[in-house]
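Working notes, structure below.
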Amino acid sequence: MARKETFHNLIDICIQMEENPDLAGDAKEMFRYLLTEYFFKSDAYDSKKVAHLLENMKLPDFLGEHRSLIEVDMERLRGYIEGDTINDSLGGKIMITADYLKAFYSHHPPAFNKLPPDVREELLEKVKSRNRLIIDAFEKIMTDRAADRSRKIITLVALILKNIHRKTGLPLNPPAAPAETIIHSIFKNCDEVFNAKQRQLSELNDDAKIKEIIKTFFTVKKFQDLAGIAKLFKAELDRYRKRALRG
């Protein structure tokens, strides 16, 4: 069965790259990093030749006009990724090459036109899918930024708890009251928009309040587990803090 690929939370990766001194201020090199470490990571890992291709691939000059990929014009980026033809698309320039075919279609000649028709069709669909996934990931940055600008504290806390549940699989306690009521009872000013003000961060980072809300929502049997989940809560909060400050 083919591996299902998705690219989530690209905005967080873009912010991390802005903090990386080797990448900061150069959107072109940030994009190259994404090719090798995100969008085509498994391909580069499985084939040194594909990794070399990605590391030396010519990238469009317009990327160099920006200090961050968050600022790149989406229409120009979409045009580059889609290309004028499937062969000229981003995925095509990588996946319809001799190096790629040698690595991942080794039972066939390393030339696209020499592949059996059904294999060519399969490869073209993979190229289209990868291009679409990359475009979707960048488009989601815009919707994420809009959500970050308007997210209220109560929504933020609920989102952090949801992420903890998804990552840990911790069982939930039977609700003693609606979630909104519980969150309101623990954190003040829940209806404020979260903009990472120091006052907001001080309360949301309060150890006692974090442990209280964790014990209220999750079944936690060991003190060590509670401490670990509290640490995860703070890590998630910090992720959204960076996004709120990025604006």
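Structural remarks
- The single condition from (1) surrounded by fewer than 15 Cβ atoms within 10 Å (Cβ to Cβ); (2) more than 18 Å from the chain's Cα centre (by Cα) that G247 fails is (2).
- Condition met for Y33 (more than 30 Å from K242 (Cβ to Cβ), assigned to a helix (DSSP H, G or I) and among the hydroxyl-bearing types (S, T, Y)): no
- Unique match (being of a type in the set (G, A, S) and closer than 20 Å to Q16 by Cα) among G64, G92, G83: G64
- Filter result for A98 (out of contact with any strand residue (DSSP E or B) (no Cβ under 9 Å at 6 or more places or on another chain), surrounded by fewer than 19 Cβ atoms within 10 Å (Cβ to Cβ) and in the same structural domain as K231 (by TED's automatic domain parsing)): no
- A search for C-beta distances below 8 Å between a residue of segment 125-142 that is surrounded by 15 or more Cβ atoms within 10 Å (Cβ to Cβ) and any residue that is of a type in the set (A, V, I, L, M) and outside any helix (DSSP H, G or I), counting only pairs 6+ apart in sequence or on different chains, returns V127/I86; V127/I96; K128/I86; F138/V72.
- If you go through segment 58-83 and keep only what is of a type in the set (A, V, I, L, M) and either part of a helix (DSSP H, G or I) or at pLDDT below 95 (or both), you end up with L63, L69, I70, V72, M74, L77, I81.
- Answer residue from segment 7-30, given it is hydrophobic (A, V, I, L, M, F, W, C) and within 12 Å of A137 (Cβ to Cβ) and is surrounded by the most Cβ atoms within 10 Å (Cβ to Cβ) among those: I11
- Number of positions in segment 84-95 that are assigned to a helix (DSSP H, G or I) and buried (at least 21 other Cβ atoms within 10 Å of the Cβ): 5
- A search for C-beta distances below 8 Å between a residue of segment 163-179 that is in the same structural domain as K234 (by TED's automatic domain parsing) and modelled with pLDDT under 95 and any residue that is part of a loop (DSSP other than H, G, I, E, B) and not hydroxyl-bearing (S, T, Y), counting only pairs 6+ apart in sequence or on different chains, returns L170/V220.
The values are calculated or read from the model by the stated rules, or taken from the named source; none is laboratory data. Since we're looking at a predicted model, the values are computed, not measured. All Cβ positions, even for glycine, are placed from backbone atoms using ideal geometry, and neighbour counts span all protein chains on display.
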